[in-house]
Amino acid sequence: MLRQVADGVLVHESEFIQSNSVVVQGRAGVLLIDPGITRNEMVDLANDLRELAQPVVAGFATHPDWDHVLWHAGFGVVPRYGTARCAASIREVLSNADWKARVAEGLPPEFAAEIPMDLLGYITGLPAEAAQIPWDGPAVRIIEHQAHATGHAALLIEERGVLVAGDMLSDILMPFLDLQAANPIGDYLDALHLFDGVADGVDVVIPGHGSVGGAEQLRTRIEQDRAYVQALRDGGVPEDFRVGPSAPLEWLPDVHQWQLQQLAQK
Ligand SMILES: [Zn+2]
């Protein structure tokens, strides 16, 4: 079911950790950001768009993780964009003959059979200097940063006051760092600083997973994520409900411990 969160911006929420697919209405059709997750969810979304007489004219993947590069034939054959780094990263994954088996290892077992892999990852990289998504609709600014994953980008739809955050600024997931990067902590803090810089123009923040928030929520989430990352940096215990005894997902405290271990080895 599609829910309008701002003028011309709609969200479809998945059963899998509240993954949000975002629909932005343009002049001749819609831009579809991070569609997913299950086959049935994508079929429903395609049907909803058909009923609204809103064909998909372009796609965008915020980053190369499997849950953000899915697609369904019902959306049609259109360019599916990502940053140059995002496209290169997923291309490398797909270059392995056994990529399906490798990706399957990381899928949540309870959803694995319902996640269609056949159109996964066909992302067209935009030129590194591209500041906007090339499409016929409201300007969508690309805010690329190194934090959660290679080539990760948030999107700012300025005239609608909407920030699509990808896997940043979630109310249910603490920051997941890119632990393969040389400086994961510094990268993450830099990315949060980028969000500080645009926050004044944002009325609605849409995270890749979690609840859609308003302007105040955006600031709260930036501060909350900064506090978490700084606690990791300083070796302190973060006062963060997302990794505490009442974590919204029971496996988050384990991921938190793992992040601490990985950082200690750097
Ligand atoms: Zn994700």
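The values are calculated or read from the model by the stated rules, or taken from the named source; none is laboratory data. Keep in mind that what you see is a predicted model, and the values were worked out from it rather than measured. Cβ: placed from backbone, ideal geometry, glycine included. Neighbour counts: every protein chain shown. Please note that ligands, DNA and RNA were not included when accessible areas were found on the heavy atoms of the full protein model with its side chains. Shrake-Rupley method; radii C 1.70, N 1.55, O 1.52, S 1.80 Å.
Worth a mention:
- Subset of region 209-251 [buried (at least 19 other Cβ atoms within 10 Å of the Cβ) and farther than 15 Å from Met168 by Cβ]: Leu232, Pro238, Val243, Ala247
- Identity of the residue in region 151-175, more than 11 Å from the ligand (Cβ to nearest atom) and touching a His at 6+ places or on another chain (Cβ under 8 Å), that ends up nearest to Tyr188 (Cα to Cα): Pro175
- Among the residues of region 141-155, the ones that are open to solvent by 30 Å² or more (accessible area, probe 1.4 Å) and part of a loop (DSSP other than H, G, I, E, B) come to 2 in all.
A quick yes/no check of all residues on (1) at negative phi; (2) of a type outside the set (Phe, Trp, Tyr); (3) in contact with a strand residue (DSSP E or B) (Cβ under 9 Å, 6 or more places away or on another chain); (4) modelled with pLDDT of 95 or more:
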{"residue": "Asp136", "(1), (2), (3), (4)": "yes, yes, yes, yes"}
{"residue": "Arg141", "(1), (2), (3), (4)": "yes, yes, yes, yes"}
{"residue": "Ala149", "(1), (2), (3), (4)": "yes, yes, yes, yes"}
{"residue": "Glu159", "(1), (2), (3), (4)": "yes, yes, no, yes"}
{"residue": "Val164", "(1), (2), (3), (4)": "yes, yes, yes, yes"}
{"residue": "Leu169", "(1), (2), (3), (4)": "no, yes, yes, yes"}
{"residue": "Met174", "(1), (2), (3), (4)": "yes, yes, no, yes"}
{"residue": "Asp178", "(1), (2), (3), (4)": "yes, yes, no, yes"}
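- Considering residues of region 14-45 that are away from the ligand (no atom under 13 Å from the Cβ) and acidic (Asp, Glu) only, the residue most open to solvent (accessible area, probe 1.4 Å): Glu15
- Residue in region 84-95 that is assigned to a loop (DSSP other than H, G, I, E, B), in contact (Cβ under 8 Å) with a residue 24 or more places away in the chain and under 18 Å from the mean Cα position of the chain (by Cα) present: no
- Taking the criterion of being open to solvent by 30 Å² or more (accessible area, probe 1.4 Å) and small (Gly, Ala, Ser), the residues of region 86-129 that qualify are Ala88, Ser89, Ser95, Ala97, Ala101, Ala104, Gly106, Ala112, Ala113, Gly125, Ala128.
- A count restricted to region 178-208 and to residues that are open to solvent by less than 30 Å² (accessible area, probe 1.4 Å) and either acidic (Asp, Glu) or touching an Asp or Glu at 6+ places or on another chain (Cβ under 8 Å) (or both) stands at 7.
- Qualifying residues in region 21-39 (those that are in contact with a Pro (Cβ under 8 Å, 6 or more places away or on another chain) and aliphatic (A, V, I, L, M)) - the one modelled with the lowest pLDDT: Ala28
- Test: residue in region 171-183 that is outside any loop (DSSP other than H, G, I, E, B) and over 20 Å from the mean Cα position of the chain (by Cα): no
- Val57 open to solvent by 20 Å² or more (accessible area, probe 1.4 Å) and away from the ligand (no atom under 16 Å from the Cβ): yes
- Of the residues screened, Thr83 is one that is within 26 Å of Glu158 (Cβ to Cβ), surrounded by 18 or more Cβ atoms within 10 Å (Cβ to Cβ) and polar (S, T, N, Q).
- Unmet requirement for Phe195, which otherwise passes all of (1) out of contact with any strand residue (DSSP E or B) (no Cβ under 8 Å at 6 or more places or on another chain); (2) of a type outside the set (Gly, Ala, Ser); (3) in a helix (DSSP H, G or I): (1)
- Restricting Trp66, Trp99 to residues that are within 16 Å of the ligand (Cβ to nearest atom), in contact with a helix residue (DSSP H, G or I) (Cβ under 8 Å, 6 or more places away or on another chain), aromatic (Phe, Trp, Tyr) and under 26 Å from Ala128 (Cβ atoms) narrows the list to Trp66.
- Search result, residues across region 139-168 that are among the acidic types (Asp, Glu), in contact (Cβ under 8 Å) with a residue 60 or more places away in the chain and in contact with a Pro (Cβ under 9 Å, 6 or more places away or on another chain): Asp167
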